Amino acid sequence: MAEYFVYDVFSAEAFGGNPLAVIPNAEDLPEADLQKIAREFNFSETTFLFAPEDPANTARVRIFTPTMEIPFAGHPTIGTAVALSDQGIPPEMVLELGIGPLRCHAANGQARFTTDVPLERLCSPAPEHVADALGITVDDIDTSVHAPVMASVGLPFTLTQLKSRQALASVTTNISAFRTGAATYPGALDFAQFVYVTEGDTVHARMFAPLDNIPEDPATGSACAALGAVLADVTGQDQALTIRQGEDMGRLSLIQLSTQGGDITISGAAKRVMQGRLVY
């Protein structure tokens, strides 16, 4: 059966960042088993690699959460690129994702990708709904830069700035409110919540998607990309930020985010911590 690798992504050290399972040769796996395998690993995402549809590209990558296939996610892209690099693939690569081909660079345990998928604003969830889902008060929400907004550059998240690090640390999710949000807002999928506080060029962030069996995510590159697009849009200025996520979980992730015009670049480290074979 297929070989697999487990990487800790957005961390240069083992047991930090966000775990990712990578199955580099998935061609012979039954289609019906892909979701089951992802559920078995029970990481926020698992990637399956196939031969590219365009021979000029590096690989076709399918990404599964424990409950569904998704077109794009950040830490799976970074981790997969590093995994390919560790197997001897040259640094410049193009990965075929559900959002289309994505330019990546990976070498020496570091990777970056750049996307030009346009920012999509899906809706503006009511602050009361967001506060209820996060177990905070409406007064904890900072609307000086933007109100809560459901935004996507490939995967939708509700982005909400909070007033203090203390408020961020106090978040306690209310699953019934997530279900209400998912039913209320079109395109919400699981009403995933990305909340953050800024300190100069540093962003402290947390992401919650309990309806997708992700009580909290240690690193969410796709949400960071959406945040960069929103901030660049509302401020009219390109962004260069370091995002610290997972700290409240004891799994610090360091995510570098930059924007230039319509391009968004996410970069970070990944370290292989396990490997084995599927034997079922």
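One residue alone among Arg121, Arg60 is surrounded by fewer than 17 Cβ atoms within 10 Å (Cβ to Cβ) and either touching a Ser or Thr at 6+ places or on another chain (Cβ under 9 Å) or modelled with pLDDT of 95 or more (or both), and that residue is Arg121. One residue alone among Ala219, Ala188 is under 12 Å from the mean Cα position of the chain (by Cα) and assigned to a loop (DSSP other than H, G, I, E, B), and that residue is Ala219.
Starting from residues that are assigned to a loop (DSSP other than H, G, I, E, B) and surrounded by fewer than 15 Cβ atoms within 10 Å (Cβ to Cβ), keep the ones in region 191-205 and report whichever is farthest from the chain's Cα centre (by Cα). The selected residue is Gly200. Specify the residue that is farthest from Val195 (Cα to Cα); the eligible residues are those in region 152-172 that are in contact with a strand residue (DSSP E or B) (Cβ under 8 Å, 6 or more places away or on another chain) and among the polar types (S, T, N, Q). So the residue we want is Ser152. For region 7-59, a residue qualifies if it is among the aliphatic types (A, V, I, L, M) and assigned to a loop (DSSP other than H, G, I, E, B), and the qualifying residues are Ala12, Ala14, Ala26, Leu29, Ala51, Ala56.
Here is a yes/no grid of residues against (1) crowded, with 23+ Cβ neighbours inside 10 Å; (2) in contact with a strand residue (DSSP E or B) (Cβ under 8 Å, 6 or more places away or on another chain):
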| position | (1), (2) |
| --- | --- |
| Asn213 | no, no |
| Ala223 | yes, yes |
| Ala232 | no, yes |
| Ser267 | no, yes |
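Of the conditions (1) hydroxyl-bearing (Ser, Thr, Tyr); (2) buried (at least 19 other Cβ atoms within 10 Å of the Cβ); (3) not in a helix (DSSP H, G or I), Thr80 clears all except one; give me its number. Status for Thr80: all satisfied but (3). Residue count for region 162-185 under the criterion of being buried (at least 21 other Cβ atoms within 10 Å of the Cβ) and either at pLDDT below 95 or under 19 Å from the mean Cα position of the chain (by Cα) (or both): the result is 2.
Right, Thr259: not charged (D, E, K, R) and not in a loop (DSSP other than H, G, I, E, B) or not? It is true that Thr259 is not charged (D, E, K, R) and not in a loop (DSSP other than H, G, I, E, B). Just give me the residues in region 82-93 being within 11 Å of Val61 (Cβ to Cβ) and without any contact (Cβ under 8 Å) to a residue 40 or more places away in the chain, in sequence order. Of everything in region 82-93, just one residue is within 11 Å of Val61 (Cβ to Cβ) and without any contact (Cβ under 8 Å) to a residue 40 or more places away in the chain, namely Met93.
Within region 24-36, does at least one residue satisfy the condition of being in contact with a Pro (Cβ under 8 Å, 6 or more places away or on another chain) and either under 21 Å from Met249 (Cβ atoms) or not assigned by TED's automatic domain parsing to the domain that holds Pro210 (or both)? Among the residues of region 24-36, not one is in contact with a Pro (Cβ under 8 Å, 6 or more places away or on another chain) and either under 21 Å from Met249 (Cβ atoms) or not assigned by TED's automatic domain parsing to the domain that holds Pro210 (or both), which makes the answer no.
The values are calculated or read from the model by the stated rules, or taken from the named source; none is laboratory data. These numbers come from a predicted model, not from an experiment. Using ideal geometry, Cβ is built from the backbone for each residue, glycine included, and neighbour counts are taken over all protein chains shown.
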